[in-house]
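Structure first, then comments.
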Amino acid sequence: MKSKRNLLIAMLVVISTTFNSCATAQSSKRQKYKVAVCDWMILKRQKLGAFGLAAELKADGIELDMGGLGNRPTFDSKLGDPVERQKFLDKSKETGVGISSIAMSGFYAQSFATREITPMIADCIKAMKDMNVKVAYLPLGTQTDLVKNPELRPEVIKRLQWAGKEVGKIGGVIAIETSLSATEEKKLLDEVGSKYIKSSFNFANALDNKRDISSELKILGKKYLAQIHASNTDQFWLENDKAIDMPKIKQTLDEMKWSGWLIVERSRDVTQVHNVKANYGANVAYLKRIFQN
């Protein structure tokens, strides 16, 4: 009798453990908001170690960069090599850390409007396809600042229309970051006229220009929003930044019925700006506390 009772208890433990594991997995899959970190900002630009560090930070994913650009004809990327690319995919699977998007951060300092961009865009889209990543991040940086250089607008639109056709062939999206207000960025996207070109909204851009984040998100709208860089310029951790009302932002996104990746780029504490684990660990934890409950 005692052995039967012990057997029954053991069976119940197994069933309970299995149920809880399945429930956790299902909950993770249903997660409306996921939190990632930029691999270049955690000092692991296109390095396998980015996945392990992101896991240690409790992030759900990384924004994987295409590598340096400079004066090269295309990015200094390992992702075009099938053997190297597979290492990244294997490490992602091993750590459980996903890839939110593939970044073309080289365009922070290089001109999207005047350089020959065909090889860069082609290489990025190929990496997206080979790694099954649906979003590419394209910052229109200092040399393609449409507020300071409005004369570049026609050429930028023309190039984005071409890029949209190319990424559309794989069912992907290129998410652009501009210095424009939400109203003006929406106009730009309407002029581009491609459902494959959307916005990568950056909290810091809104705050630097004294714009309310929630209001800007509402203006932009769900249809135009591919991903969010959910951090400010370096000064405070997100939880200590009085300029950001994170619960209000979550309420706004909930009301918009948007879901997707929130990516931590900066918001480092300037008193310990080089402490990657402290800065990004704190910011990831705070975003998860607000957005994932």
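Against the definition (charged (D, E, K, R), under 26 Å from TYR196 (Cα atoms) and open to solvent by 60 Å² or more (accessible area, probe 1.4 Å)), how does LYS250 come out, yes or no? First the steps, then the outcome.
Numbers: charged (D, E, K, R): yes; under 26 Å from TYR196 (Cα atoms): yes; open to solvent by 60 Å² or more (accessible area, probe 1.4 Å): no.
In short, no.
Exactly one condition in (1) under 20 Å from ASN149 (Cβ atoms); (2) touching a residue at least 12 places away in the same chain (Cβ under 8 Å) is false for ARG115; which is it?
Here ARG115 meets the rest and fails (2).
When the residues of the stretch 93-104 are filtered to those that are open to solvent by 50 Å² or more (accessible area, probe 1.4 Å) and not small (Gly, Ala, Ser), which remaining residue is farthest from the chain's Cα centre (by Cα)?
The residue in question is GLU94.
Quick check, is GLY171 on the phi > 0 side of the Ramachandran plot, within 19 Å of the chain's Cα centre (by Cα) and touching a residue at least 24 places away in the same chain (Cβ under 8 Å)?
yes
Looking at ASP90, ASP65, ASP81, can you tell me which residue is loosely packed, with under 13 Cβ neighbours inside 10 Å, of a type in the set (D, E, K, R) and either farther than 20 Å from ILE125 by Cβ or in contact with a Ser or Thr (Cβ under 7 Å, 6 or more places away or on another chain) (or both)?
Testing whether each residue is loosely packed, with under 13 Cβ neighbours inside 10 Å, of a type in the set (D, E, K, R) and either farther than 20 Å from ILE125 by Cβ or in contact with a Ser or Thr (Cβ under 7 Å, 6 or more places away or on another chain) (or both) leaves just ASP90.
Looking only at the stretch 253-265, which residues are open to solvent by less than 10 Å² (accessible area, probe 1.4 Å) and more than 15 Å from the chain's Cα centre (by Cα)?
LEU253
Give the residues of the stretch 227-244 that are more than 19 Å from GLU177 (Cα to Cα) and not in a loop (DSSP other than H, G, I, E, B), sorted by residue number.
GLN235, LEU238, GLU239, ASN240
For the stretch 7-45, what are the residues that are farther than 29 Å from LEU253 by Cα, open to solvent by less than 80 Å² (accessible area, probe 1.4 Å) and at pLDDT 50 or above?
Once the filter is applied, which keeps residues that are farther than 29 Å from LEU253 by Cα, open to solvent by less than 80 Å² (accessible area, probe 1.4 Å) and at pLDDT 50 or above, the stretch 7-45 yields only LYS44.
Working only within the stretch 208-222, note down all residues that are open to solvent by 40 Å² or more (accessible area, probe 1.4 Å) and assigned to a helix (DSSP H, G or I).
ASP208, SER215, LYS218, ILE219, LYS222
Out of all the residues in the stretch 223-247, which are among the hydrophobic types (A, V, I, L, M, F, W, C) and surrounded by 17 or more Cβ atoms within 10 Å (Cβ to Cβ)?
Hits for the stretch 223-247 are LEU225, ALA226, ILE228, ALA230, PHE236, TRP237, LEU238, ILE244, MET246.
Name the single residue, out of those in the stretch 266-293 being within 17 Å of the chain's Cα centre (by Cα) and of a type in the set (A, V, I, L, M), that is surrounded by the fewest Cβ atoms within 10 Å (Cβ to Cβ).
That would be ALA285.
Filter the stretch 46-59 down to residues that are assigned to a loop (DSSP other than H, G, I, E, B) and without any contact (Cβ under 8 Å) to a residue 60 or more places away in the chain and give me whichever is most open to solvent (accessible area, probe 1.4 Å).
LYS47
The values are calculated or read from the model by the stated rules, or taken from the named source; none is laboratory data. Please read all numbers here as calculations on a predicted model, not as lab measurements. Please note: Cβ atoms are built from the backbone with ideal geometry, for glycine as well, and neighbour counts cover all protein chains shown. Side chains are part of the model used for accessible areas, which takes the heavy atoms of the whole protein and leaves out ligands, DNA and RNA. Shrake-Rupley method; radii C 1.70, N 1.55, O 1.52, S 1.80 Å.
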